[in-house]
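Peer 1: Structure in structure tokens, see below.
Derivation of every value follows stated rules applied to the coordinates shown; laboratory data play no part. No experiment lies behind these values; they were computed from the predicted model shown. Reconstructed Cβ throughout: ideal geometry from the backbone, glycine too, with neighbour counts over all protein chains shown.
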């Protein structure tokens with residue numbers, strides 16, 4: 001088997017989370033899976049998953065035999081209405097969406113990525129306008145002529 005084929009097989013396996021039975025159980029309760037919730041939220045085709053192949057490191061309680069790709073949380077970045085967002089979604093098909101060490105590391109990593117992006121964004125906004133004017137202009141449909149400090153937005 002070629003490397004690409006193995007990678008595609010792992011990707012397909014990761015998409016199944018806890019398996020077809022667990023996905024069906026979610027659907028029978030009228031609930032979407034983590035990936036379905038993300039797809040419903042973000043702009044089509046914009047989601048990029050981070051750490052898809054991470055598995056827990058627990059060996060106690062027979063967990064060494066129960067390694068599921070993603071470890072119960074789907075993390076990544078995407079666009080909503082064209083704006084960059086970082087997000088995570090609990091995958092309740094994997095261990096009921098319970099929190100573990102690798103789960104927590106994935107969530108904190110995506111939060112750190114979001115903060116890094118925000119600090120880059122804010123640094124760029126200080127060139128010729130204040131941060132508040134840039135953030136306000138991004139959050140509204142029409143950019144503001146001036147912020148409360150009297151500075152023009154970028």
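Peer 1: How long is the gain from residue 3 to residue 40 if the chain were fully straight, where each residue apart is worth 0.36 nm and the alpha carbon distance is subtracted?
Peer 2: So the chain would gain 10.2 nm between residue 3 and residue 40.
Peer 1: Right, next: Just rank 89, 46, fewest to most, by other beta-carbon atoms within 10 angstrom.
Peer 2: Arranged by neighbour count, lowest to highest, 89, 46 become 46, 89.
Peer 1: Give the order of 3, 37, 120 when sorted by the count of other beta carbons within 10 angstrom, beginning with the fewest.
Peer 2: Going from least to most buried by this count: 3, 120, 37.
Peer 1: Quick one: 53, 47, fewest Cβ neighbours within 10 Å first, how do they rank?
Peer 2: Fewest to most other Cβ atoms nearby, the residues stand as 53, 47.
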